[in-house]
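Student: Encoded as structure tokens, here's the structure I'll be asking about.
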Ligand SMILES: *Cc1c(COP(=O)(O)O)cnc(C)c1O
């Protein structure tokens with residue numbers, strides 16, 4: 001492994017190269033190890049709702065125990081990780097650090113895709129360039145040479161690619177992503193969002209980071225780990241970039257009770273349970289796909305490597321109303337480009353899927369059918 005490749009600092013906003021960020025009591029205390037902490041105006045005694053005092057003190061900006069545990073789970077080194085309040089915050093910090101606000105330093109997205117990339121760009125006042133995916137009827141395919149061309153013609157600084165994609169469920173091969181990384185490495189970062197990678201047969205790009213300093217990988221504990229409410233995610237990238245982003249991020253992003261929960265979720269016995277949940281979710285995804293496909297108002301269900309399926313409808317309003325009448329919420333996707341007739345349905349429990357099947361008037365099917373997913377890719 002060669003970790004000597006350097007990060008091209010000219011990808012970072014020039015005004016942030018020497019930006020020190022907020023100097024907190026935690027980060028600025030430089031003396032020998034203290035045992036009495038009177039430097040942060042914290043309460044002297046814990047609150048009764050916090051008898052262990054976990055939350056009495058400001059947390060470490062990047063809690064060492066969580067960084068080490070998450071890095072070990074991801075097969076990364078601690079200095080490659082920026083822990084964040086969900087990968088949403090990591091996306092936002094990336095946009096703010098690499099794009100000069102109000103300038104042409106834009107981002108590239110490939111519709112239909114996750115909405116937060118464009119939201120962060122809009123809030124930061126930088127342009128969003130869309131290079132639409134190609135709809136192959138059963139999956140969406142990225143046009144990566146068009147992406148490379150658009151990077152050059154627009155001067156975009158970040159390309160966001162989700163694989164498996166949301167809402168498509170389609171994957172992009174890591175080899176192809178690495179080709180794009182190389183093709184634009186002089187002017188842009190490529191950020192691969194692996195939010196759903198645990199549900200997929202495609203490999204992670206994390207092992208490739210050392211050879212590709214301008215690649216970043218987003219991961220989250222919101223999906224496979226079942227901790228969406230805790231808000232824990234990470235960017236995995238070159239240590240020099242991670243150091244810059246840490247200064248751009250909010251001062252104490254990781255709440256202590258959240259960190260404690262996330263560390264427990266990364267203990268081996270819990271990870272074993274998580275892996276079992278992922279396996280059964282993947283089985284139920286096949287069943288979900290056949291239930292959705294059996295609705296008379298649905299005309300196509302896309303192959304998915306995530307924990308949801310995307311479907312196109314003959315009458316989208318009717319499909320949404322049918323299931324809503326049985327108190328089942330599915331996601332209307334018609335606001336996204338190219339998806340004027342689409343819904344997205346998450347994999348629920350077996351009971352949830354029974355209810356969905358009943359709502360559609362289909363017969364509950366207890367056996368997983370294996371017609372729709374491609375586990376071999
Ligand atoms: C759900 C999702 C995330 C996760 O966001 P968090 O902020 O970590 O909860 C990131 N990217 C994609 C594509 C998603 O669908």
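Readers should treat all values here as calculations from the given coordinates under stated rules, not as data from a laboratory. In this text the structure is predicted, and so the values were computed from the model without any measurement. Because the Cβ atoms are built from the backbone with ideal geometry, glycine has one as well, and the counts that use them run over all protein chains shown.
Student: I want to verify a result. In a Gaussian network model of the chain, Cα cutoff 10 Å, which of these has the top mean-square fluctuation: 213, 51, 251?
Tutor: Greatest mean-square fluctuation among the candidates belongs to 51.
Student: Let me ask something else. Considering only C-alpha atoms, what is the centroid distance from the range 138-207 to the range 248-305, in Å?
Tutor: First find each Cα centre; the distance between them is then 21 Å.
Student: If we restrict to alpha carbons, what Rg and Dmax does the range 262-317 come to, in Å?
Tutor: Final numbers for Rg and Dmax: 15.6, 46 Å.
Student: Moving to a separate point now. Between residue 351 and residue 240, what length comes free when the chain is fully extended (0.36 nm per residue of separation minus the Cα-Cα distance, one decimal in nm)?
Tutor: So the extension gain works out to 35.2 nm.
Student: Which length gain, in nm to one decimal place, applies between residue 152 and residue 211 when the Cα-Cα distance is subtracted from 0.36 nm times their residue separation? Before the final figure, lay out the partial values.
Tutor: Details: separation 59, 0.36 × 59 = 21.24 nm, distance 2.23 nm.
My answer for the length gained is 19.0 nm.
Student: Same structure again: Counting pairs of alpha carbon atoms under 8 Å apart in space and at least six apart in sequence, what relative contact order in percent does the range 149-281 give?
Tutor: On the way: 166 pairs, mean separation 24.7, N = 133.
Rounded, it is 19 percent for the range 149-281.
Student: How long is the gain from residue 9 to residue 335 if the chain were fully straight, where each residue apart is worth 0.36 nm and the alpha carbon distance is subtracted?
Tutor: 113.7 nm
Student: Let me ask something additional. Normalising by the residue count of the range 47-202, find the relative contact order in percent from Cα pairs under 8 Å and 6+ residues apart.
Tutor: In percent, rounded to a whole number, it is 17.
Student: Right, next: What is the distance, in nm, between label points placed 7 Å from the Cα along the Cα-to-Cβ direction at residue 103 and at residue 64?
Tutor: My value for the distance between the label points is 3.7 nm.
Student: Looking at the calculated P(r) for the chain, what percent of the C-alpha pair distances fall above 34 Å?
Tutor: 33 percent
Student: Just to confirm the number: angle between the C-alpha axis of helix 256-265 and the first principal axis of the chain, 0 to 90 degrees, nearest 10?
Tutor: Compared with the principal axis, the helix lies near 60 degrees.
Student: What is the distance, in nm, between label points placed 7 Å from the Cα along the Cα-to-Cβ direction at residue 18 and at residue 186?
Tutor: 2.8 nm
Student: Compute the FRET efficiency between residue 45 and residue 277 as 1/(1 + (r/R0)^6), taking r as their Cβ-Cβ distance and R0 = 41 Å, and round to the nearest 0.05. Numbers along the way, then the final one.
Tutor: Working: r = 39 Å, r/R0 = 0.96.
Taking R0 as 41 Å, the efficiency between residue 45 and residue 277 is 0.55.
Student: Ignoring everything except DSSP H segments at least 4 long, calculate the 222 nm mean residue ellipticity for the chain; use -39,500 (n - 2.57) per segment, divide by total residues, nearest 500.
Tutor: My calculation for the chain gives -10000 deg cm²/dmol from helical runs alone.
Student: Now, a different point. Mean-square fluctuation check for the chain, GNM, Cα pairs under 10 Å: which of 57, 287, 344 is largest?
Tutor: Comparing 57, 287, 344 in the GNM, the peak value goes to 57.
Student: Further question on the same structure: Out of 49, 147, 236, any idea which swings most in a Gaussian network model of the chain, alpha carbons joined below 10 Å?
Tutor: Comparing 49, 147, 236 in a Gaussian network model of the chain, the most mobile one is 49.
Student: Give the relative contact order (percent, whole number) for the chain; include only Cα pairs under 8 Å separated by 6+ residues.
Tutor: The normalised contact order for the chain reaches 18 percent.
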